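Engineer: Dropping the structure in here first, questions after.
Derivation of every value follows stated rules applied to the coordinates shown; laboratory data play no part. Note that the structure is predicted; figures quoted are calculated from it, not measured. Here the Cβ is made from the backbone with ideal geometry for all residues, glycine too, and neighbour counts use every protein chain on show.
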Amino acid sequence: MSVLEIRDLHVTVETEQGTKPILNGVDLTIREGEIHAIMGPNGSGKSTLAYTIAGHPKYKVTSGTITLDGEDVLAMTVDARARAGLFLAMQYPVEIPGVTNQNFLRTAKTAIEGEAPAIRGWVKEVRETMTKLRMDTSFAERNVNEGFSGGEKKRNEILQLELLKPKIAVLDETDSGLDVDALKVVSEGVNRAKENTGLGIMLITHYTRILRYIKPDFVHVFVAGRVAEEGGPELADRLEDEGYDRYTETPEPAV
Ligand code: ADP
Ligand code: MG
Ligand code: MG
């Protein structure tokens, strides 16, 4: 039974204006099989939390801990985090010119498992998963995310999720920019991953819309770099009605 524990996490980033604190004491526990929605206004630090878990070098942990099954995640390289069972679907998935999706997936799977998957079964699994995600199989031969539309990139992130079978997945605004049909397809993929592998999910979202398709067990309201309130699914319903105004004293700066 896997558990990701984040304790009193403080994170800064270096800017031209100096050191900027972004996360100010995050506490969060995600167990296998649980879906946690992290909801909050723009600029509250949601993506910073996701990047910090994944090990992005820009984000400096000044205090606090992240552990996966008691192991110190912050001491692990980015690769080691993936091997330990962490997965990040990025808000803005990166393009990897010169690397086909097929090769990328196989390389990632091999790195995570420690041995290459048997070719026949693997090719079949890739093809079947793409079909479930309503991705044309020609996407296997295209370079990772290169020239993909916003929605295609998001499906491709879920393709990776379903094939790499992590223990804990962080999904950063996987819903943003999706039309209703794509949102359903992507949500089905996430739900399948949970059903098939008992995945624990940190579902970062600004909007409640995706929560109609992916039912959270817990909802955390994220404001100014920390969890401001926690509850069950009913908290999302309240946010749908009231927005984030009650948590933010001053109006959000324009971005
Ligand atoms: P969210 O995902 O909730 O919209 P982010 O984590 O993207 O929030 O950003 C939180 C704050 O940190 C914002 O004010 C953003 O401008 C700032 N920030 C994040 N990353 C960087 C960076 N690499 N350099 C400078 N500022 C950053
Ligand atoms: Mg944002
Ligand atoms: Mg973000």
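Engineer: Of the residues Leu49, Leu164, Leu211, which exhibits the maximal mean-square fluctuation in a Gaussian network model of the chain defined by a 10 Å Cα contact cut-off?
Structural biologist: Its mean-square fluctuation being the largest, the pick is Leu211.
Engineer: Continuing with this model, one more query. Could you give each residue of the range 172-189 its phi-based ³J(HN,Hα) in whole Hz, using Karplus coefficients 6.51, -1.76, 1.60 with θ = phi - 60°, and x for Gly or Pro?
Structural biologist: 8, 6, 4, 7, 5, x, 9, 6, 4, 5, 5, 4, 5, 4, 5, 5, 4, x
Engineer: Express in whole angstrom the spacing between the alpha-carbon centres of the range 141-186 and the range 76-100.
Structural biologist: 13
Engineer: Counting helices only, and only those DSSP H runs with n ≥ 4, report the 222 nm mean residue ellipticity of the chain as the sum of -39,500 (n - 2.57) divided by its residues, in deg cm²/dmol to the nearest 500.
Structural biologist: -10500 deg cm²/dmol
Engineer: Mind telling me which of Ile22, Ile96, Ile112 comes out most flexible in a GNM of the chain, alpha-carbon contacts under 10 Å?
Structural biologist: Comparing Ile22, Ile96, Ile112 in a Gaussian network model of the chain, the most mobile one is Ile96.
Engineer: Per-residue HN-Hα couplings for the range 143-157, Karplus 6.51 cos²θ - 1.76 cosθ + 1.60 at θ = phi - 60°, whole Hz, x for Gly and Pro?
Structural biologist: 5, 3, 6, 5, x, 6, 6, x, x, 5, 4, 5, 4, 5, 5
Engineer: Further question on the same structure: Springs between alpha-carbon pairs under 10 angstrom, Gaussian network model over the chain: which of Val13, Val227, Val219 fluctuates most?
Structural biologist: Val13
Engineer: Separate question: If you put +1 on each Lys and Arg Cβ and -1 on each Asp and Glu Cβ, how big is the dipole of the chain around its Cα centre, in Debye rounded to 20?
Structural biologist: 800
Engineer: Looking at the P(r) of the chain, how many percent of alpha-carbon pairs lie beyond 22 Å?
Structural biologist: That tail contains 55 percent of the Cα-Cα pairs.
Engineer: For the range 103-116, in order, what is each residue's ³J(HN,Hα) by Karplus, 6.51 cos²θ - 1.76 cosθ + 1.60 with θ = phi - 60°, in whole Hz (x at glycine and Pro)?
Structural biologist: 3J(HN,Hα) across the range 103-116, in whole Hz: 5, 4, 5, 5, 5, 5, 4, 5, 5, 6, 7, x, 8, 5.
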